[in-house]
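Reading through the structure tokens given below for one structure.
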Amino acid sequence: MKYFYLLFLIFPFLSFGQEKAAKLGVFSTLETNIGLDLAQMIRDGRAKTDYEKSQLPPGKYNYGFTAQIGVQPLNWFALGGGLRYSYIDPNYHLLYAMVQPKFFLGDPRDEEFFYLFGSMGTKINRTATDNAGFVGIGAGMVEPLSKRFGHLFSVAVEDQILDGEGSIFISLSYGIIIFSNKNL
């Protein structure tokens, strides 16, 4: 009986004494991105003959679109996955299956979500390259605009690997996000 009284005294502090942390819940994103290969621009300037230019990896820039679905089970962690299209060169239209873990920083009660992320993907379509993939890291921010809708910004450094040759791209992206938590 004394445990019942103890629970009766502690219950109000447990249920009403804490602020609920903000989480996105289940979310989906649609992003557009553009990337520049600074090293490729330098290599193009140094290549003097047509043969040297033909041996360079393709593309000085890339652009593309990403569609993801994910979930944020913890205040500090979310996991998303989806499809990504990248245009690098006229013969390199790449469709990737990708996964992207996100690690949220800052106060979990804030409504602006600053995060660090890693991303990785592998090519799933047929194109001029037989073996392609990418690995990257970056930082981003989700800003809720209204119930269940917001936009996101991110900056990333990615290594795009095409048939064993890697190119480092610095990319910027902007997207929209729809999430299940209507209380943000």
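The values are calculated or read from the model by the stated rules, or taken from the named source; none is laboratory data. Since the structure is predicted, the reported quantities are computational estimates derived from the model, not experimental observations. So basically every Cβ, Gly included, is an ideal-geometry build from the backbone, and we count neighbours across all protein chains shown. Ligands, DNA and RNA are excluded from the accessible area calculation, which covers all protein heavy atoms including side chains. Shrake-Rupley method; radii C 1.70, N 1.55, O 1.52, S 1.80 Å.
Yes or no, residue by residue, for (1) out of contact with any Asp or Glu (no Cβ under 6 Å at 6 or more places or on another chain); (2) outside any strand (DSSP E or B):
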{"residue": "Leu79", "(1), (2)": "yes, no"}
{"residue": "Gly82", "(1), (2)": "yes, no"}
{"residue": "Leu95", "(1), (2)": "yes, no"}
{"residue": "Asp110", "(1), (2)": "yes, yes"}
{"residue": "Leu116", "(1), (2)": "yes, no"}
{"residue": "Gly140", "(1), (2)": "yes, no"}
{"residue": "Glu143", "(1), (2)": "no, no"}
{"residue": "Ser154", "(1), (2)": "yes, no"}
{"residue": "Val157", "(1), (2)": "yes, no"}
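Looking at Val135, Val142, Val157, which one is β-branched (Val, Ile, Thr) and under 20 Å from Phe179 (Cβ atoms)?
Val142
Scan the stretch 144-173 for residues that are closer than 18 Å to Leu24 by Cα, in contact with a strand residue (DSSP E or B) (Cβ under 8 Å, 6 or more places away or on another chain), loosely packed, with under 14 Cβ neighbours inside 10 Å and touching a residue at least 24 places away in the same chain (Cβ under 8 Å) and jot them down.
Phe149
For the stretch 123-137, what are the residues that are open to solvent by 20 Å² or more (accessible area, probe 1.4 Å) and either of a type in the set (Asp, Glu) or part of a strand (DSSP E or B) (or both)?
Passing the criteria: Lys123, Asp130, Val135, Ile137.
Which condition number in (1) at pLDDT below 90; (2) acidic (Asp, Glu); (3) surrounded by 15 or more Cβ atoms within 10 Å (Cβ to Cβ) is the one that Asp44 fails?
Condition not satisfied by Asp44: (3).
Restricting to the stretch 103-122, give me the number of residues that are out of contact with any Gly (no Cβ under 6 Å at 6 or more places or on another chain) and either modelled with pLDDT under 95 or open to solvent by 80 Å² or more (accessible area, probe 1.4 Å) (or both).
12
Restricting the search to the stretch 174-184, which residues are of a type outside the set (A, V, I, L, M, F, W, C), open to solvent by less than 40 Å² (accessible area, probe 1.4 Å) and part of a loop (DSSP other than H, G, I, E, B)?
The one that is of a type outside the set (A, V, I, L, M, F, W, C), open to solvent by less than 40 Å² (accessible area, probe 1.4 Å) and part of a loop (DSSP other than H, G, I, E, B): Asn181.
Does Leu95 satisfy the condition of being surrounded by 14 or more Cβ atoms within 10 Å (Cβ to Cβ) and under 14 Å from Phe65 (Cα atoms)?
Yes: the conditions hold for Leu95.
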